[in-house]
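Notes for the one structure printed next.
The values are calculated or read from the model by the stated rules, or taken from the named source; none is laboratory data. In this text the structure is predicted, and so the values were computed from the model without any measurement. Note that we place each Cβ from the backbone using ideal geometry, even for glycine, and neighbour counts take in every protein chain shown. What goes into the accessible areas is simple: the full protein's heavy atoms, side chains included, and nothing from ligands, DNA or RNA. Shrake-Rupley method; radii C 1.70, N 1.55, O 1.52, S 1.80 Å.
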Amino acid sequence: MTGLGKVKSVAVYGIEAYVLEIEVYVTKGQLPSTVVIGLPDAAVKECRDRVKAALKNSGYKFPYKNITINLAPADRKKEGPSFELSIAMGLLIASNQIETAKINEYGIVGELALDGRVRKVNGCLSMAIKCKEAGLKGLILPADNAPEAAIVEGIDIIPVNTLSDTVSFLTNEFIITPFSLNLSDVFSDSSHYDIDFMDVKGQEHVKRALTIAAAGNHNVLMIGPPGSGKTMLTQRLPTIMPGLTLEEAIETTAIYSSAGLLGQDNSLIATRPFRNPHHTISTAGLVGGGSFPRPGEISLAHHGVLFLDELPEYNRKTLEVLRQPLETDEITISRAMSSVMFPAEIMLVGAMNPCPCGYNTDPKKECHCSPRQIRNYISKISGPLLDRIDIHVEVPNVQYKDLTSDATCESSEEIRAEVTKAREAQLKRFQGLKYSTNSRMSTKQIKKHCSLDSQAEELLHQAMTELNISARGYNKILKVGRTIADLDHSENVCIEHISEAVQYRNLDRDLWK
Ligand SMILES: Nc1ncnc2c1ncn2[C@@H]1O[C@H](COP(=O)(O)OP(=O)(O)O)[C@@H](O)[C@H]1O
Ligand SMILES: [Mg+2]
Ligand SMILES: [Zn+2]
């Protein structure tokens with residue numbers, strides 16, 4: 001029972017997978033011992049105990065010899081459990097308990113339960129992509145992970161439930177048909193939303209603001225009392241954004257896969273995500289973190305909407321961490337050995353009450369907050385974050401007559417068609433640049449694409465002075481004006497576009513200062 005077993009496995013760090021070589025040496029020795037090279041200490045013990053129990057309970061022997069297990073490359077920090085199935089196979093080969101000619105053709109991943117069952121691991125979509133790139137024939141993995149991995153075409157996804165299944169497959173004792181799914185069917189089946197803008201009665205001007213936001217990819221701040229529908233409206237924002245492409249869906253799915261958030265029935269995230277973390281969330285929870293970095297809410301919202309309800313309640317420091325990803329569409333988490341990047345291309349929607357009591361803008365109820373209390377409340381939002389929000393919109397309580405009206409509202413599909421057209425105009429405008437939406441224009445681009453005629457210029461000037469709109473509001477009005485013009489299929493940004501854009505700078509006005 002001595003020898004060498006070599007097995008390939010795959011691991012993820014962040015959302016990137018890499019292939020590992022697992023070498024198991026079983027040699028004679030005075031005292032039986034197990035040494036694992038390349039795993040942190042605590043994980044080694046657990047791993048050895050579980051592999052031992054799983055082998056015994058599956059009818060195999062755990063060799064009482066000197067065992068050395070080497071996980072290469074050594075310079076990568078590795079997380080324990082997902083290698084257990086491959087270590088077990090290495091041990092069986094090294095101790096001559098099984099013979100297989102197939103072992104080099106497959107990557108093997110899976111955590112072992114003591115009774116020999118194979119447990120789900122995280123990141124199987126990225127793992128399958130990597131195995132394919134590495135030219136492997138297939139990936140042997142926990143059956144529960146098969147649907148997400150099967151999104152990758154051109155590689156055999158071999159689902160196993162137990163350690164014994166794995167042996168039987170490798171030794172040709174029985175055949176396991178690769179798990180496959182029809183990607184285009186799955187994509188079209190799962191790319192529907194259960195909610196619609198039609199569900200929201202009235203609130204036409206908020207819907208308009210959200211349409212503009214979706215069209216130009218502008219971040220939004222909603223200001224309104226509790227119960228006015230801020231959450232309801234924002235939840236529906238993904239439904240009016242352009243449909244996800246398959247490529248985008250796979251990108252988002254890979255993030256959910258690495259976080260272990262995919263189920264059997266939702267192997268592909270084909271709709272734009274909506275995430276609304278509570279204001280007590282930690283920085284790591286929001287942007288990602290941990291010694292084996294996991295994606296945060298901002299990455300789980302990739303290609304979709306991150307909704308921060310009760311914005312002034314969030315920890316200021318936590319919010320400031322959002323600045324970088326809002327600009328670069330990704331978040332980098334630095335670790336001693338290597339840093340990890342998670343994609344984070346999102347639309348940010350913040351919501352808040354107009355004042356501490358909530359009734360400041362309510363025509364029917366009286367607000368007792370002092371200007372100072374209101375100022376304090378608003379100043380809790382970090383300035384740099386506000387700087388990245390182009391559109392402010394007031395959300396009053398819905399009027400009773402609107403709520404009870406039978407009039408049909410515009411559907412998400414109709415609005416999405418308009419939004420998509422406006423996005424196409426932007427794609428053309430920004431051809432060859434890194435970004436393709438108005439919200440990302442630099443000052444230079446704004447000068448180039450938002451020149452105003454004298455009428456519009458005069459209106460903007462007047463508004464800036466009379467409403468006391470700050471200088472930082474100026475460029476935002478131009479950008480939003482550009483998007484309104486795009487929705488209007490207008491080459492130029494005209495006076496009517498500017499006059500509408502000015503309305504979306506509520507927080508810049510005197511009332512709030
Ligand atoms: N315009 C509306 N049309 C239909 N229902 C609405 C509307 N506004 C609010 N509601 C109802 O009120 C509930 C509370 O709204 P919500 O979005 O949670 O408000 P907020 O987030 O502003 O506190 C919603 O779940 C919905 O049932
Ligand atoms: Mg709410
Ligand atoms: Zn108040």
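Observations on the model:
- Top-ranked residue of the stretch 185-215 - restricted to ones that are in contact with a Ser or Thr (Cβ under 7 Å, 6 or more places away or on another chain) and within 15 Å of ligand 1 (Cβ to nearest atom), ranked as most open to solvent (accessible area, probe 1.4 Å): Met198
- Residue that is surrounded by 13 or more Cβ atoms within 10 Å (Cβ to Cβ) and assigned to a helix (DSSP H, G or I), where the choices are Ile374, Ile331, Ile381, Ile389: Ile374
- Figure legend. Inter-residue proximity from the stretch 350-378: first residues without any contact (Cβ under 8 Å) to a residue 24 or more places away in the chain, second residues among the aliphatic types (A, V, I, L, M) and crowded, with 19+ Cβ neighbours inside 10 Å, beta-carbon distance below 6 Å, spacing 6+ or different chains. Indicated pairs: Cys355/Ile374.
- Filtered residues of the stretch 392-404 (kept if among the β-branched types (Val, Ile, Thr) and part of a strand (DSSP E or B)): Val393
- Taking the numbered list (1) within 26 Å of the chain's Cα centre (by Cα); (2) modelled with pLDDT under 85; (3) open to solvent by 90 Å² or more (accessible area, probe 1.4 Å) in turn, Leu427 passes all entries but (2).
- Some residue of the stretch 257-277 being in the same structural domain as Gly229 (by TED's automatic domain parsing), closer than 17 Å to Val12 by Cβ, crowded, with 20+ Cβ neighbours inside 10 Å and in contact with a Gly (Cβ under 6 Å, 6 or more places away or on another chain): yes
- All positions within the stretch 347-360 that are within 16 Å of ligand 2 (Cβ to nearest atom) and buried (at least 20 other Cβ atoms within 10 Å of the Cβ): Leu348, Val349, Gly350, Ala351, Met352, Asn353, Pro354
- Across the stretch 477-490, a minimum of one residue is classified as in a loop (DSSP other than H, G, I, E, B) and open to solvent by less than 70 Å² (accessible area, probe 1.4 Å).
- Checklist (1) assigned to a helix (DSSP H, G or I); (2) under 26 Å from Ile223 (Cα atoms) applied to Lys448, failing item: (2)
- So Ala344, is it surrounded by fewer than 19 Cβ atoms within 10 Å (Cβ to Cβ) and away from ligand 3 (no atom under 16 Å from the Cβ): no
- One residue alone among Thr234, Thr245 is within 16 Å of ligand 2 (Cβ to nearest atom) and either at pLDDT 95 or above or open to solvent by 60 Å² or more (accessible area, probe 1.4 Å) (or both), and that residue is Thr234.
- Unique match (being over 20 Å from Glu23 (Cβ atoms), in contact (Cβ under 8 Å) with a residue 40 or more places away in the chain and either of a type in the set (D, E, K, R) or buried (at least 24 other Cβ atoms within 10 Å of the Cβ) (or both)) among Lys61, Lys65, Lys120: Lys120
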